[in-house]
Amino acid sequence: MLDTDTFTTPDGRTIGSTVMDLRNITLRFGGVEAIKDISFDIREGEIRAIIGPNGAGKSSMLNVISGFYVPQEGEVWFRGKPRPPMKPYEVAQQGIARTFQNIALFEGMSVLDNVMCGRLGHMNTNLLSQALWWGKAAREETENRAAVERVIDFLEIQAIRKTPVGRLPYGLKKRVELARALAAQPSLLLLDEPMAGMNVEEKEDMSRFILDVNDEFGTTIALIEHDMGVVMDLSDRVVVMDYGRKIGDGSPDEVRNNQDVIDAYLGVAHD
Ligand SMILES: Nc1ncnc2c1ncn2[C@@H]1O[C@H](COP(=O)(O)OP(=O)(O)OP(=O)(O)O)[C@@H](O)[C@H]1O
Ligand SMILES: [Mg+2]
C-alpha cells in the first residue's frame, strides 16, 4: 500500500495517508530491550490504539513517537521524511501533543493556567519584542486566550476554570490534562492511558471527548488503553505489543480474533 493511499476501515471510516511511519524500531535501556524491531504506521485522521500487558513497551513506544526517546535502531518517518532527534519545543511546533500515564499538571495552579501552559509552543514573542512591539504581544495574548477558552468550552470545564488542579477529583484532572494538550491545537495527539483509574461514567465522558476531538478537529490520535471495551469502541486500528514485540496489528475485530493476542493478553484480567 502506498503512503498516499486512503484506507477504509471495516466499519466504513475512511482514513488518510501515513502521518507517522515507524520502521524497525528497537529501543534499549541498558540491557533491557523495551522495543524489539517493531514497525507500524499511523494514518491521518485515525484513532490508533496500542495495547498489551504491563511492561510490554507501550509507553516507551509513545515516547518514541513523541520524540522523547530516540531509538537505537530503526527510523521514525514523520509526514514523509525521516525525523531527526528533536527538542521538546520542536515536537510541539510539529503539531504533536501528549498526555502522560501519570498526571503531570501543576497542582497549585488553576485549571486555566495549566491549560494556558499548552500554548507555550505558540508564544513566539520574547521579552524584548514585547517591549518594542506591544501590539504584536497583545495580539498573541488575545489569540492564546481565545484558543484556551475554546478548549475549556469544548471539554466542558468552564465551572472549574479558576479551581486549583490539586483540589479536583482524578477524572477531572485527566480531562484538564487533555485540555492542556488540545490547547496546543495538535494534528497528532498522543494519550497514555487517558482512562486509567476512572469509574464507568468518567470513562464514558472521556471516550466521548476523544471521539469528538477526532471528529470535529480531524485530529489523528494514538492512544494506549487497557480497557478492551473502550479500545474496541474507539479505535480504527490496534497494535498489540508483548515483551517489546508486536504480536498483532489490524482492526479491533481482527485483533480480537488473533490467537497470539488472545493467549498473551485478552485471556487475562487487567487493571
Ligand atoms: N526509563 C527507563 N529506564 C529503564 N527501563 C525502562 C525505562 N522505561 C521503561 N523501561 C522498561 O522497559 C519495559 C517497557 O516499559 P513501558 O513502560 O514502556 O511498558 P508499558 O507497556 O507502558 O507498561 P504499563 O502497562 O505498565 O504502563 C519495562 O521492562 C520497563 O521496566
Ligand atoms: Mg505504560
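The values are calculated or read from the model by the stated rules, or taken from the named source; none is laboratory data. Since we're looking at a predicted model, the values are computed, not measured. Backbone-built Cβ (ideal geometry, glycine too); neighbour counts: all protein chains shown.
Restricting attention to the stretch 228-254 and to residues that are closer than 22 Å to SER59 by Cβ and more than 21 Å from the chain's Cα centre (by Cα), the residue that is farthest from ligand 2 (Cβ to nearest atom) turns out to be ILE247. When the stretch 199-227 is filtered for residues that are within 16 Å of ligand 2 (Cβ to nearest atom) and either touching a strand residue (DSSP E or B) at 6+ places or on another chain (Cβ under 9 Å) or not charged (D, E, K, R) (or both), the ones remaining, listed by number, are ALA222, LEU223, ILE224, GLU225, HIS226. Only residues that are surrounded by fewer than 20 Cβ atoms within 10 Å (Cβ to Cβ), within 12 Å of ligand 1 (Cβ to nearest atom) and touching a residue at least 40 places away in the same chain (Cβ under 8 Å) were counted across the stretch 15-53, and they come to 4.
Residues in the stretch 225-254 that are hydrophobic (A, V, I, L, M, F, W, C), part of a helix (DSSP H, G or I) and either surrounded by fewer than 19 Cβ atoms within 10 Å (Cβ to Cβ) or in contact (Cβ under 8 Å) with a residue 40 or more places away in the chain (or both): MET228, VAL231, MET232, LEU234. Scanning the stretch 208-231 for residues that are in contact with a helix residue (DSSP H, G or I) (Cβ under 9 Å, 6 or more places away or on another chain) and under 17 Å from ALA196 (Cβ atoms) yields PHE209, ILE210, ILE221, ALA222, LEU223, ILE224, GLU225, ASP227, MET228, GLY229, VAL230, VAL231. Can you name every residue in the stretch 165-197 that is within 16 Å of ligand 2 (Cβ to nearest atom) and not aliphatic (A, V, I, L, M)? Correct list: LYS174, GLU177, ASP192, GLU193, PRO194, GLY197.
Residue-level analysis places LEU105 among those that are closer than 20 Å to ILE224 by Cα, of a type in the set (A, V, I, L, M) and away from ligand 2 (no atom under 16 Å from the Cβ). Filtered by the rule that a residue be assigned to a loop (DSSP other than H, G, I, E, B) and at pLDDT 95 or above, the stretch 195-224 gives a lone residue, THR219. Counting just the residues of the stretch 25-73 that are basic (Lys, Arg) and in a strand (DSSP E or B), which one comes out farthest from ASP253 (Cα to Cα)? Result: ARG28.
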